1. Look through the range 91-134, keep the residues that are of a type in the set (D, E, K, R) and without any contact (Cβ under 8 Å) to a residue 24 or more places away in the chain, and return whichever of them is farthest from S57 (Cα to Cα).
2. Can you name the residue in the range 114-138 that is under 16 Å from the mean Cα position of the chain (by Cα) and surrounded by fewer than 19 Cβ atoms within 10 Å (Cβ to Cβ) and, of all such residues, is nearest to Q100 (Cα to Cα)?
3. Filter the range 99-134 for residues that are modelled with pLDDT of 85 or more, under 15 Å from R80 (Cα atoms) and not small (G, A, S) and give the result.
4. Just to be sure, is L10 farther than 24 Å from A148 by Cα, modelled with pLDDT under 90 and loosely packed, with under 12 Cβ neighbours inside 10 Å?
Amino acid sequence: MLEALLRNCLAAGDAIAVFALVEPAQCRHDPVLFRLPSPVRGVRPEAAGEGLELASSPAIYRSDATVRRSAPLQAHPLNRAPRAAIHPDDAQRFGLADGQTVKLATVAGTATLPVEVSTKVAPGTVWVESGHGATASLGAGRVRVRRASA
């Protein structure tokens with residue numbers, strides 16, 4: 001039944017993620033093909049050396065529906081608003097400062113976020129927390145970075 005559902009989703013062009021909890025030797029069917037999100041029209045992938053590498057980690061209290069519905073966890077100081085953290089050298093290169101708004105674009109989508117300049121982020125990288133609606137469309141890979149219009 002699950003196999004039929006997965007095949008129907010793939011046939012319809014839906015992007016899905018599947019995590020196998022079985023040993024490879026237990027799989028008796030063809031491997032499931034994975035599909036990347038469809039590219040956004042007019043956005044090309046960044047070539048090596050262009051843009052910044054996107055680093056992402058799950059936001060601590062936004063990982064699933066249970067914690068997102070918990071008022072005490074949502075009020076916790078570790079549950080911060082979405083933001084794009086960038087190294088000071090990269091911020092200077094792109095003309096960005098703390099609190100300004102940046103637009104990040106990947107082949108999967110775009111996000112407009114406030115900037116946090118931080119030496120905790122490696123040069124050549126922009127870091128965002130996943131789990132926010134504002135960061136969901138980014139996917140992974142290299143991103144184009146530009147200051148958002150006022």
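The values are calculated or read from the model by the stated rules, or taken from the named source; none is laboratory data. Computed from a predicted model, the values in this text were never measured in an experiment. As a convention, Cβ positions derive from the backbone with ideal geometry for all residues, glycine included, and neighbour counts pool all protein chains shown.
1. Going through the range 91-134, the residues of a type in the set (D, E, K, R) turn out to be 93, 98, 103, 116, 120, 129.
From what's left, without any contact (Cβ under 8 Å) to a residue 24 or more places away in the chain: 93, 98.
Working: R93: 24, D98: 21 Å.
Across the range 91-134, the extreme among qualifying residues is R93.
2. P114
3. Scanning the range 99-134 gives L113, P114, V115, E116, W127, V128, E129.
4. no
Here is a yes/no grid of residues against (1) surrounded by 15 or more Cβ atoms within 10 Å (Cβ to Cβ); (2) in contact with a Lys or Arg (Cβ under 7 Å, 6 or more places away or on another chain):
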residue	(1), (2)
P77	no, no
A81	no, no
D90	yes, no
R93	no, no
G99	no, no
K103	yes, yes
A108	yes, no
T112	no, yes
